[in-house]
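All of the numbers you see were taken from the coordinates with simple rules; none came from a lab. This one's a predicted model, so the numbers in the text were calculated from it and none came from an experiment. Don't worry about glycine lacking a Cβ; one is built from the backbone with ideal geometry, like all the others, and counts go over all protein chains shown.
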Amino acid sequence: MQAHSERNPLSAAKRVVVKVGSALLVDEASGEIRQGWLDSLSDDIADLRARGKEVVVVTSGAIAVGRGPLGLAGKTLRLEEKQAAAAAGQAKLIHAYQDSLARHGIAVAQVLLTIADTEARRRFLNASNTLETLLKLGVVPVVNENDTVATQEIRYGDNDRLAARIAQMTAAGALILFSLDIDGLYTADPTSDPTARHIPEITGIDGEIERMAGKPKGAGSGGMVTKLLAAQVCMAAGCHMAIARGRGAHPIAALLNGARATWFIPEEDPPAARKRWIAGSLNPRGAFTVDAGAVAALLHGKSLLPAGVTAVEGRFDRGDAVVVKDAEGHELARGLSAYAAKDARLIVGHKTQDIESLLGYRGRSEIIHRNDLVLTRANGHAS
């Protein structure tokens, strides 16, 4: 696969999230997975990985696959029937991905989430850490909504918003929203307006862009509105997002080679967006006072270790924002604590190798990892 342009955001991204719609993956008439198409997608994923990229798949299709075995094909399903179909179809869905990617020697891991899991801070952290670990182990996470417990998500989410949250929590450089026939955003509905123009690139979402998306479609259909909501999440996180047609074999290869799509272009990259979010968008719940050695380490881009902390203030949970202060009480940085306040008080001043004996479990070596920390001025703005 040769990249169409050096400016192609997919070429530059080191971590890619691919969202697959149900209509692409599952034949509506038979309720069976389109194995040939899935194999071509897996070929593309293997090619991305050969280029040094990490890939996460967010997939729909469990309900569509599970209808037939439960005798629910061809009927309008009640919520509890949708959830039952999802439970029956999820096993078949993950096995299809597993078998397809195994042809390339690629391992797969199933991750089931709801929108709520990506919005509750502690669950967000747990999911983020799991995905990060899987990617480091060379695994392709295959994510789907946990439809057996979700309610509103089944009827409205269409996995677009979930895919955007996954891109956000994994600091992905690009998210691709593949659907059956949609190849991007137009100035009007191209099926009814012959003057509608395709928009290849969007750098900001304003009222005019929102009007182009039209009104939300019916229950369960997602539509362009949910894709714009996903784009807003991605752009705020520094992630490029594409709305692209997935019909046809090798859709990722086609996108790399310049297939028509709408790319949403953020102003900054994921690390910069995350640092800005930590510095200015979170209310600190506590503070760490650090010694001179820790100050010097932080100024040189290092993580904050427990040994360098002399005092802990406040009541906070793991993942909450905290201020880092020097011995004179001047703010030096802000970051996300890897430990709740009660555990942090037990390990501060101690060496990393003592953490397990002090807490009874093996936690992170850093009390704030450098990726979760940003140097600030006294007023809290990024320096």
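Measuring from centroid to centroid over Cα atoms, what is the spacing of region 92-133 and region 21-46 in Å?
What the calculation gives is 18 Å, centre to centre.
Set the Förster radius R0 to 30 Å, insert the Cβ-Cβ distance between T191 and R78 as r into 1/(1 + (r/R0)^6), and round the FRET efficiency to 0.05. Before the final figure, lay out each step's value.
On the way: r = 31 Å, r/R0 = 1.02.
The value I calculate is 0.45.
Give the relative contact order (percent, whole number) for region 1-91; include only Cα pairs under 8 Å separated by 6+ residues. Walk me through the numbers on the way to the answer.
Working: 106 pairs, mean separation 27.4, N = 91.
30 percent.
Out of all DSSP beta bridges with both ends in the chain, state the antiparallel percent to the nearest 5. It would help to have the intermediate numbers written out before the result.
On the way: 22 of 53 bridges.
Antiparallel bridges make up about 40 percent of those DSSP assigns within the chain.
Sorted by mean Cβ packing within 10 Å, highest first, what order do the peptides 234-247, 116-129 take?
234-247, 116-129
Tell me, what is the FRET efficiency for A292 and I209 to the nearest 0.05, using R0 = 45 angstrom and their Cβ-Cβ distance as r?
The calculated FRET efficiency here is 0.35.
In square nanometres and to one decimal, what's the mean projected area of the convex hull around the Cα atoms of region 9-267?
Computed as one quarter of the Cα hull surface, the answer is 13.2 nm².
Treating cross-link reach as a plain straight distance, find the lysines whose alpha-carbon is under 17 Å from the alpha-carbon of K14, omitting any fewer than eight places away in the same chain.
K53, K136
Say each of H300 and K351 gets a label point 7 Å from the Cα, pointing the same way as Cα to Cβ; how far apart are those two points in nm?
1.9
Going highest first, how would you order 322-331, 248-257 by mean Cβ packing within 10 Å?
248-257, 322-331
Starting with the highest mean, order 185-192, 307-314 by the number of other Cβ atoms within 10 Å, averaged over the residues of each peptide.
With the highest mean Cβ count within 10 Å placed first, the list reads 307-314, 185-192.
Over the chain, calculate the relative contact order: mean separation of alpha carbon pairs under 8 Å at least 6 apart, over the residue count, as a percent.
15
Determine the calculated [θ] at 222 nm for the chain from helices alone, applying -39500 (n - 2.57) to every DSSP H run no shorter than 4 residues and normalising by the residue count; nearest 500 deg cm²/dmol.
Counting only the DSSP helices, I get -10500 deg cm²/dmol.
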